[in-house]
Amino acid sequence: GENVEQHPSTLSVQEGDSAVIKCTYSDSASNYFPWYKQELGKRPQLIIDIRSNVGEKKDQRIAVTLNKTAKHFSLHITETQPEDSAVYFCAASIKGGGNNDMRFGAGTRLTVKP
Amino acid sequence: ETGVTQTPRHLVMGMTNKKSLKCEQHLGHNAMYWYKQSAKKPLELMFVYSLEERVENNSVPSRFSPECPNSSHLFLHLHTLQPEDSALYLCASSQDEFRIAGGLGEQFFGPGTRLTVL
């Protein structure tokens, strides 16, 4: 089955710096790669996603890149702010065909210091 | 109430108890899910329902029994749990009937039920 690895497990940056979180996946059939943000005591919420037919997607300060050949994808946050502090999870979804699954990475705890 | 709601928010139970977790989505979505979130472990997808039909059971022990009476409600019935089952149980829903759309889409999560098994 699919296996998603996420690094680093913790990341501390200074306000205004960039943060990069990387994930690798094992199943080349995966075609949907979302990123979720979970603030302390709150539910996970989707912040950005990318499908396998696209190499990069950007939404204001957040971008995701996908390298299908290497089977890895990354989250980039620029001009970080204290409110970006949270746990970020990547995930990989395997398309239908009787195998409907979504596997998550273990999470990255991002701390943005003011 | 909007979005995805879950009750109770906190639950403490003994290993011989029987309890149920409830989830309700007010988004008109066609698919619902149960996840388990344990400390320092990835979110684990437990069950997938699409149009009230269970389409995935990811090797979950039989002491967890889901029920989906309609597309807006999802239950997780618990019995004879173990202390290692203590975790945050998250319900989620997504818009599409994914067997048509292909793959799971954006997950809208509920606030979760914090379960402690003594």
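Any read-out appearing in this document is the output of simple, stated calculations on the displayed coordinates, not a laboratory observation. What you see is a predicted model; the values in this text were computed from it and never measured. Cβ coordinates were reconstructed from backbone atoms using ideal geometry, including for glycine residues, and neighbour counts include every protein chain displayed.
Shown for A:C23, B:C91: other C-beta atoms within 10 Å of each C-beta, ranked fewest to most, produce the order A:C23, B:C91.
Look at the alpha carbon pairs under 8 Å that are at least 6 residues apart: their mean separation over the length of chain A gives a relative contact order of 36 percent. The mean sequence distance of close C-alpha pairs (under 8 Å, at least 6 residues apart), as a share of the length of chain B, puts its relative contact order at 36 percent. Neighbours of A:Q45, meaning other residues whose beta-carbon lies under 10 angstrom from its beta-carbon, give a summed charge of +1 when Lys and Arg score +1 and Asp and Glu score -1. Taking amide H as placed 1.01 Å from N in the peptide plane, the amide H of A:D17 sits under 5 Å from that of A:T80, each at least 5 places away or on another chain. Around the Cα centre of the stretch B:1-65, unit charges on the Cβ atoms of Lys, Arg, Asp and Glu (plus for the first two, minus for the last two) sum to a dipole of about 460 debye.
Give A:K42/B:K40; B:K19/B:K41; A:K22/B:K41 a once-over and call out the pairs whose C-alpha atoms are over 20 Å from each other. Where the Cα-Cα span goes over 20 Å, the pairs concerned are B:K19/B:K41.
The alpha-carbon atoms of the stretch A:1-97 define a convex hull whose volume equals 105 cubic angstrom per residue. The convex hull around the C-alpha trace of chain B, projected and averaged over every direction, spans 6.9 square nanometres. What the phi angles of the stretch A:76-83 give under the Karplus curve with 6.51, -1.76 and 1.60, with θ = phi - 60°, is a coupling list of 10, 10, 9, 6, 4, 10, x, 6 Hz, glycine and proline written as x.
Relative to the Cα centre, the charge distribution of the protein assembly as shown, modelled as +1 at Lys and Arg Cβ and -1 at Asp and Glu Cβ, gives a dipole magnitude of about 440 debye. Karplus-based coupling profile of the stretch A:44-52, in residue order and whole Hz: x, 9, 5, 10, 6, 9, 8, 9, 6, with θ = phi - 60° in 6.51 cos²θ - 1.76 cosθ + 1.60 and x standing for Gly or Pro. Kirkwood radius, the protein assembly as shown, all distinct C-alpha pairs, inverse of mean reciprocal distance: 18.2 Å.
The phi-based Karplus calculation (6.51 cos²θ - 1.76 cosθ + 1.60; θ = phi - 60°) puts the 3J(HN,Hα) values of the stretch A:21-38 at 10, 10, 9, 10, 10, 9, 9, 5, 7, 4, 9, 9, 10, x, 10, 10, 10, 10 Hz, whole numbers, x for Gly and Pro.
When the Cα convex hull of the stretch B:45-97 is projected onto planes of every orientation, the mean area is 3.9 nm².
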